[in-house]
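The block underneath contains the structure these notes are about, expressed in structure tokens.
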Amino acid sequence: MESYKIEHFNVSKINDHVPDDPTDYGRLWKELNRQQSENELKHGSLFNGHWYKPWRMVRMMKLCKLMGGKEWFRGKRTLELGCGHGHVSKMLKDWGANPLATDGREWCVEATNYFWPDLEVKLVDQTKDYDLGKFDLVIHWAVSNHLPPDAWEYDLMCAMGHAPVMSYECEVIDSDDPKWVKPKTDDKGLDKSLTDVGTFMSAAAIERCFGDMGCSFRRYDDRDLNCDANLYSWEETNSGGWRYGNRRFWMVHPK
């Protein structure tokens, strides 16, 4: 744990300010910014600095809205894949859920245990088969791009076998080609691929995968998900190009 500096971000304080009406984004955003200023230390964990925190918050608020508010999470068993340092699962626990947080990096599991001793955390390599039991909700955010081309589809099949609903998002290529999948050969970094090889794919390729598995889904290209460089409401032009931060967000219902 000596290799990076620790920030014990006060997630509970943030959760105190989630409004009963989760559509009240303006008021919530002001409260989140105020809490950031009041509760942060100078040095943060890898997954709590820069744009990670506000980006995480807009996705959590979107999920809260789509599920009908915080009340839905009470007593629910949730699975977070690729948890980083466990901030999302900590929020879910504070909302009354019973979360399992997972990550493929041992140091992330150790950090999550350090930050949130009351969380259940498990080391899971998503390039391999896994079965973690039954859940009410799977959160699969910002993971598929960091899995190699021969693993990301199988990982989706494994993930979707765990719950009747999955919240899924990732970065995508500007293409409507359902076969647009290529290796990302230099996906190196502490928050990147375990194998240094990730995947570029189109949203159409992801939706083809959902369809092949018999899943129903809805995509949300909404402006209320946009945060800094991470954009969800961008217009598809079928250029075949890649822009950092062009992302899509889905709610998926396995068969």
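We did not get these values from a lab; they are worked out from the coordinates using the rules stated. Quick caveat: nothing in here was measured; it's all calculated off a predicted structure. For neighbour counting, all protein chains shown are included, and Cβ atoms are generated from backbone atoms with ideal geometry for every residue, glycine included.
General observations
- Table column - 3J(HN,Hα) (Hz), segment 212-217, Karplus curve with 6.51, -1.76, 1.60, x for Gly and Pro: 4, 8, x, 8, 9, 7
- Packing-based order for 141-152, 175-186, 244-255, using average beta carbon neighbours within 10 Å, highest first: 141-152, 244-255, 175-186
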